[in-house]
Each structure stands twice: as structure tokens, then as C-alpha cells.
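*Asks:* Here it is: the structure, laid out below.
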Amino acid sequence: MKVIPIHTDQREQILDITAPIRNLVAQGAFSSGVLFLFCPHTTAAITINENADPDVKRDILYHLKKAIPQSPDFKHFEDNADAHIKSVLTGFSLVLIVENGKIQLGRWQGIYFCEFDGPKDREVWVKAVPDQGV
């Protein structure tokens with residue numbers, strides 16, 4: 001397992017982590033298989049979405065915040081229940097196909113780390129499983 005360290009500097013933030021994931025695959029000892037990504041945090045998430053237009057990240061954060069704002073009505077005592085709900089909706093794991101030493105993403109896709117309770121030092125765990133041959 002490899003660990004990608006991530007530092008966020010805002011309470012809610014989406015960071016493009018496509019390049020570090022691609023670099024891990026390029027340094028790896030396999031050319032095809034699957035790559036598992038896991039976010040070990042309950043107030044953060046990972047997802048795949050469009051990375052051609054930076055407004056997509058802004059729109060996602062804006063509308064998640066609007067749909068699930070911080071609220072004194074939440075019973076969770078840490079004042080971050082909204083972050084827990086946003087991470088449930090966004091997701092904590094991804095499975096990526098690796099072929100010919102490259103992650104297979106759609107033309108406009110990028111891999112994103114979503115922070116909902118920062119700023120914090122975070123991690124994404126990465127596990128590569130090479131093809132066994134057929």
C-alpha cells in the first residue's frame with residue numbers, strides 16, 4: 001500500500017489529485033490491473049469528475065454547502081455533521097483500471113480529494129493489484 005499525503009487549507013475544498021496518482025502508477029511495477037483508492041477519513045471523500053473547467057469544483061462545493069449547511073440543529077457535538085453527510089454522498093473509495101501503465105480515465109475526468117472539515121493533513125491510501133495473466 002502507498003500513501004498520498006494531502007494538506008488542505010480551507011474548511012471545504014476540492015483538490016485535483018490526478019497527477020500524484022498517475023505518478024504512482026508510472027513508478028509501479030505493473031502495467032495493467034486495478035488501482036484501489038481509499039479515503040480513511042469520515043469528513044473527507046474522493047471522487048471522479050470533470051477537470052477541464054475549474055467552475056465544476058466550485059459548483060459542487062457551493063451546492064453541497066447550500067443543500068447541507070452547518071446547522072445548530074445537528075446533534076453531533078463536533079459541529080461537523082454537515083461534513084459527515086457530504087462525505088457519505090461523495091464517497092470514500094474508487095476503483096481505477098490501469099492499462100499499458102496508465103490510469104484509464106475519460107477525456108474530461110480527473111480524480112478529486114474533497115475536504116469538508118478542514119484545514120487538515122489527510123491521506124489517500126492506494127493499493128495496486130496487477131493482472132494475473134490469462
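Throughout, read-outs are computed from the coordinates displayed, never taken from laboratory work. Just so we're clear, the structure is a prediction, and the values are computed from it rather than from any experiment. Here the Cβ positions follow ideal geometry from the backbone for every residue, glycine too, while neighbour counts run over all protein chains shown.
*Asks:* For the stretch 22-75, what are the residues that are free of Cβ contacts under 8 Å to residues at least 24 places away in the same chain and hydroxyl-bearing (S, T, Y)?
*Replies:* Correct list: Y62, S71.
*Asks:* Can R11 be described as charged (D, E, K, R) and within 29 Å of A128 (Cβ to Cβ)?
*Replies:* Working: charged (D, E, K, R): yes; within 29 Å of A128 (Cβ to Cβ): no.
Judged against the criteria, R11 is not a match.
*Asks:* Across the stretch 1-16, which residue is nearest to N51 (Cα to Cα) among those that are of a type in the set (A, V, I, L, M, F, W, C) and exposed (fewer than 15 other Cβ atoms within 10 Å of the Cβ)?
*Replies:* The selected residue is V3.
*Asks:* Looking at the stretch 81-107, which of its residues are acidic (D, E) and part of a strand (DSSP E or B)?
*Replies:* Hit for the stretch 81-107 is E99, nothing else.
*Asks:* For G110, all conditions in the list (1) assigned to a strand (DSSP E or B); (2) farther than 21 Å from L64 by Cα; (3) not basic (K, R) hold save one; what is the number of the exception?
*Replies:* Tallying (1) assigned to a strand (DSSP E or B); (2) farther than 21 Å from L64 by Cα; (3) not basic (K, R), G110 fails exactly one: (2).
*Asks:* Which count do you get for residues in the stretch 78-110 that are touching a strand residue (DSSP E or B) at 6+ places or on another chain (Cβ under 6 Å), of a type in the set (A, V, I, L, M) and buried (at least 20 other Cβ atoms within 10 Å of the Cβ)?
*Replies:* Residues meeting the conditions: 1.
*Asks:* Check whether at least one residue in the stretch 53-66 is more than 21 Å from G118 (Cα to Cα) and either surrounded by fewer than 17 Cβ atoms within 10 Å (Cβ to Cβ) or more than 12 Å from the chain's Cα centre (by Cα) (or both), and report yes or no.
*Replies:* There is at least one residue in the stretch 53-66 that is more than 21 Å from G118 (Cα to Cα) and either surrounded by fewer than 17 Cβ atoms within 10 Å (Cβ to Cβ) or more than 12 Å from the chain's Cα centre (by Cα) (or both).
*Asks:* Moving on. Return the residues of the stretch 76-134 that are free of Cβ contacts under 8 Å to residues at least 60 places away in the same chain, in contact with a Ser or Thr (Cβ under 7 Å, 6 or more places away or on another chain) and at positive phi; say none if nothing qualifies.
*Replies:* Result: G91, single match.
*Asks:* All but one of (1) free of Cβ contacts under 8 Å to residues at least 60 places away in the same chain; (2) surrounded by fewer than 13 Cβ atoms within 10 Å (Cβ to Cβ); (3) over 19 Å from W125 (Cα atoms) hold for A19, so report the exception by its number.
*Replies:* Every condition holds for A19 apart from (3).
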